[in-house]
Amino acid sequence: MITEIIFAIGFIIFAPFIGALIGGIDRKVTARMQGRVGPPVLQPLYDVFKLFEKEKAVVRNEVNFYIFSYLIFVVFTGALFFSGSDILLVIFALTLAHVFLILGAYAAVSPYSHIGAERELLQLMAVEPMLILAATGFYMATGSFAVKDIALWPEPIFMTIPLIFVGIVYVLTIKLRKSPFDLATSHHAHQELVKGLTTEFAGPTLGMVEIAHLYETVFFLGIVWLFFASMPWVGLLVVIIVYFIEILVDNTTTRVRWQVMLRSAWLVALVAGAVNLGVLALM
Amino acid sequence: MSYITKSPWIIHYDGSSCNGCDIEVLACLTPLYDLERFGIVNTGNPKHADVFLITGGINEQSRAVVKNTYEQMPDPKVVVAIGICAATGGVFRECYNIMGGVDKVIPVDVYVPGCAARPESIIDGVVSALGILEEKRAKMAEKGGKKQ
């Protein structure tokens, strides 16, 4: 019990800094790929601190409530995950967090943020089947839904559910808001209808969205790591390779239409999930 | 310790300029000048921006847009008028529809002269704007502290 609480608190304290470091390296590598020098590695932290120095300008007060709930539930999701709790609960908490984000964007009355909110809903729809199938895959591989049991499983789960891993990496691009699936909002300038989902969020409100994104990055890379939990260092290497591929894809592809995103994500979920789980069920 | 000078986000608006200065502004973001070195990002969204880069002498139709954009930016914020048209109206000064400078519509903090303004002088202008931005932030924090 105590180790679980320590892990949860550790996540809550350190995840934003790790996330910011990952984000900073991401921006540096992106800049190098484009032949630029790039910002300092700690730039994401500077951005967040700066946003909290700005004026609290908000369209409606509900927006702040929704966005704060989004942040809280993202932190809750990650804390549940890293304390080894039930993976289904983790996935549902994550969905709830994103529902709050979408409500926040809808509450800010603006056509741009409405389009962003609708696209975020589509992204959620695209990702959800794969996450549920991944949870099922973890269960079929280890006989438990608890992240703790999955992490302590003696052999790498990747060997049992490799196709599910591929599917998770595919939807990771959507979740990390990377091109070609950065439909709702993007970190790249001038790719979005103004700024999509976050158009109407200013100052501290945007800061909360950014912090939530830092937590989310660490959480999703945690899921990638879970496939190799029995070999922690190999897992770390895989996480680094996967994230590098994400950056590469981000820099070499253009955004697709939402139809392509939704269909391809569901197709990958269906093929990867059904084939992998079907084989497991037959064995 | 202030972070606003480490991550100033820009919004760029063309208030009826000939597009010469706009090309130079965007040139600052290219690999050669790479403004992102200083954490500067071109957001294209007034609600996220700290620095308002504006080119051209502002005409009757863009006046309302400039005002609206300026008012949507959360404090602290600075305005940088880029090019001679943004400063005084330039060669368009006598036109019937030209306001004759950005400062006729919104308060301007830094003027960057030139036709077109060179990327080096634009970067110089933005950097001196950061000093003013920091002053404004300090003033705002002081005011906020008094309120509490």
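Computed from the coordinates by the stated procedures, all read-outs in this text should not be read as laboratory data. Model, not experiment: these values are computed from the prediction. Counting neighbours? That spans all protein chains shown, and the Cβs are built from the backbone with ideal geometry, glycine included.
Across peptide A:198-209, the mean count of Cβ atoms from other chains lying within 10 Å of each residue's own Cβ comes to 3. As a rough footprinting exposure proxy, the listed residues A:Met33, B:Met73 were ranked by other beta carbons within 10 Å of their own, and the order from fewest upward is A:Met33, B:Met73. Relative contact order of chain A, taken over Cα pairs closer than 8 Å and 6 or more residues apart, is 26 percent. Estimated from helical segments only, the mean residue ellipticity of the protein assembly as shown at 222 nm is -20500 deg cm²/dmol, where each DSSP H run of four or more residues counts as -39500 (n - 2.57). Between A:Thr253 and A:Thr3, the modelled labels are 3.8 nm apart [label points 7 Å from Cα along Cα→Cβ].
Please report, in debye to the nearest 20, how large the charge dipole of the protein assembly as shown is about its Cα centre when each Lys and Arg carries +1 at its beta carbon and each Asp and Glu carries -1 there.
Working: 32 positive and 36 negative charges, 55 e Å.
Once rounded to the nearest 20, the dipole reads 260 debye.
Applying the criteria of a DSSP loop state and at most 12 other Cβ atoms within 10 Å to the GluC sites (Glu not before Pro) of the stretch A:207-272 yields no site.
How far, in nm, would the chain grow between A:Val260 and A:Leu280 when pulled straight, counting 0.36 nm per residue and subtracting the alpha carbon separation?
Values: separation 20, 0.36 × 20 = 7.20 nm, distance 2.92 nm.
Answer, rounded to one decimal: 4.3 nm.
Measuring nothing but alpha carbons in the protein assembly as shown and taking Rh as the Kirkwood radius, the Rg to Rh ratio lands at 1.03.
Projected label points at A:Thr95 and B:Ala138, each 7 Å from Cα along the beta carbon direction, are separated by 5.3 nanometres.
Cross-link partners of A:Lys28 among lysines, defined as those whose alpha carbon lies under 25 angstrom from its own and excluding same-chain residues fewer than eight positions apart: A:Lys50, A:Lys175, A:Lys178, A:Lys195, B:Lys6.
Ordering A:Trp258, A:Gly235, A:Ile5 by the projection of their Cα atoms onto the charge dipole of chain A, which places +1 on the Cβ of Lys and Arg and -1 on the Cβ of Asp and Glu, puts A:Trp258 at the extreme positive end.
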